[in-house]
Amino acid sequence: MSEKRESFTGKIGFMLSCVGAAIGLGNIWLFSWKLGKYGGAAFLIPYFIFIALFAVVGLVGEISFGRMMKKGIFGLPEIIKNTKIPFKKCLPVIPIISVTGVFIFYVIVFGWVIRYFFSYLTGAINHVEYGEYFGQLAGQAASIPWHVIGIVFSVVVISLGVVKGIEKINKIIMPLMFVIFLGLMVRSLTLPNAITGVHFLLQPDWSMLKDPMTWIMALGQAFFTVGLSGSALLVYGSYLGDDVNIFESVVQTCFLDTMAALMAGFIIIPAAFAFGLDAGAGPSLLFITIPAIFSHIPGGTFLGGIFFLSVIFAALSSAINQLEVPVESVMDRFGFSRKKSAVVVGVVALAIGLVLDLNMNYFGKFADFVSVILIPLGAVISLGIYFYCIDKNKVIAEINKGSNFKTGSIIVWFGRYIFIPGTVIIIILGLIYGGIG
């Protein structure tokens with residue numbers, strides 16, 4: 001028998017859960033090396049523009065659509081049953097597969113983060129060569145036990161439900177993560193020569209704005225950083241009451257998401273400059289460059305452990321949002337209990353992920369296909385239907401529920417003429433450049 005649908009207990013729990021979904025490895029890992037590679041403050045200019053044009057509009061649309069349906073993405077066929085849209089029953093499949101795909105590779109990286117945290121706890125990190133250490137983990141059987149731990153953590157939280165699991169864990173770990181970030185940022189900014197990195201972050205290299213890749217990378221970062229997918233935040237919206245001001249919650253989410261990314265940048269980049277390391281080192285930044293930074297700082301083993309603990313918080317909060325999409329879908333389609341659904345999805349995700357554990361080439365191709373093609377395609381399907389195919393007045397009314405400041409008509413206009421066409425462009429650019437997120 002299917003379980004009674006839960007709901008968030010209040011605005012704070014919902015907002016922190018959205019923040020938890022948005023803040024993840026993208027804020028700490030991708031954002032920092034993009035800042036380093038694409039001109040520091042220059043990168044922030046297009047990034048802020050795209051946050052306003054894509055993140056806010058897309059999240060308001062996705063969350064309000066979920067609240068309208070009171071279901072996850074499988075509510076889509078029912079709400080469009082009287083339209084002439086073809087393949088109604090198949091439309092939810094791509095958004096579900098895309099978010100599940102993200103979870104499959106994301107939780108592997110989550111496992112790597114857990115291993116690094118334990119290496120700092122035991123002091124083992126002090127006796128390794130960082131590049132070799134990471135090379136012995138990524139694409140190797142040594143990754144599997146940590147991958148399993150990441151899966152188990154995620155499944156346990158999701159099994160506890162919306163209130164006792166998703167909402168409660170985010171109420172605890174999100175404030176803790178910001179406190180840890182603040183302490184680490186203060187330490188980083190007090191390092192010798194850290195001011196050079198601060199100047200890099202605050203004084204734009206205007207020439208970088210002439211490089212199309214600066215804009216393309218900022219566009220991809222703005223789109224992916226808040227978890228836009230057409231289904232991940234939609235399912236959170238389905239647990240939401242009519243009294244919640246979605247626009248306000250989304251603005252708060254985007255603000256805190258950006259603050260987390262900037263704090264990570266102000267931890268990593270000034271420290272990298274202080275020790276003459278490459279702040280734009282690319283994907284190796286988190287697992288090779290950052291440990292090297294902490295090795296130069298007095299008390300670096302302790303600080304590195306605290307840093308990776310904060311990354312665990314960020315990774316877990318995003319992983320449970322990704323896992324919730326297929327779990328809610330299994331509950332809806334098959335009437336399984338939440339715990340049974342979580343275990344089934346977790347086992348399947350682990351089985352598929354084992355292939356990626358052992359081959360970084362497969363890992364990279366899978367991650368690129370899911371994040372560059374499937375995720376934005378899922379958003380186009382879900383929000384394209386919401387903005388174009390559902391009665392405009394109903395959409396505006398849904399967005400305006402719980403709000404004194406009526407933004408529905410503005411969001412719908414931007415959704416139709418900026419967000420959806422822009423997301424199609426994101427897909428095309430992703431195909432051309434092989435990745436923009």
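The values are calculated or read from the model by the stated rules, or taken from the named source; none is laboratory data. Values in this document were obtained by computation on a predicted structure and should not be read as measured data. Ideal geometry is used to build each Cβ from the backbone, glycine not excepted, and the neighbour counts take in all protein chains shown. Please note that ligands, DNA and RNA were not included when accessible areas were found on the heavy atoms of the full protein model with its side chains. Shrake-Rupley method; radii C 1.70, N 1.55, O 1.52, S 1.80 Å.
Consider segment 378-405 and keep the residues that are charged (D, E, K, R) and surrounded by 14 or more Cβ atoms within 10 Å (Cβ to Cβ). The one that is nearest to Lys88 (Cα to Cα) is Lys392. A search for C-beta distances below 8 Å between a residue of segment 215-235 that is under 13 Å from Asn321 (Cα atoms) and any residue that is open to solvent by 10 Å² or more (accessible area, probe 1.4 Å) and not in a helix (DSSP H, G or I), counting only pairs 6+ apart in sequence or on different chains, returns Leu233/Gly227. Would you pick out the residues in segment 9-50 that are assigned to a loop (DSSP other than H, G, I, E, B), modelled with pLDDT of 85 or more and open to solvent by 10 Å² or more (accessible area, probe 1.4 Å)? Tyr38 - this is the single residue of segment 9-50 that is assigned to a loop (DSSP other than H, G, I, E, B), modelled with pLDDT of 85 or more and open to solvent by 10 Å² or more (accessible area, probe 1.4 Å). Inside segment 151-167, residues that are free of Cβ contacts under 8 Å to residues at least 12 places away in the same chain and either basic (Lys, Arg) or within 12 Å of Ser318 (Cβ to Cβ) (or both) make up a count of 1. For segment 73-86, the condition of being free of Cβ contacts under 8 Å to residues at least 12 places away in the same chain, in contact with a Lys or Arg (Cβ under 8 Å, 6 or more places away or on another chain), part of a loop (DSSP other than H, G, I, E, B) and surrounded by fewer than 24 Cβ atoms within 10 Å (Cβ to Cβ) holds for at least one residue. Highlighted here are the helices (runs of 4 or more DSSP H) found entirely within segment 117-219 that include at least 1 residues which are surrounded by 21 or more Cβ atoms within 10 Å (Cβ to Cβ) and not basic (Lys, Arg): 143-159, 168-189, 194-202. For segment 318-342, the tally of residues that are surrounded by fewer than 21 Cβ atoms within 10 Å (Cβ to Cβ) and within 18 Å of Ile169 (Cβ to Cβ) stands at 1.
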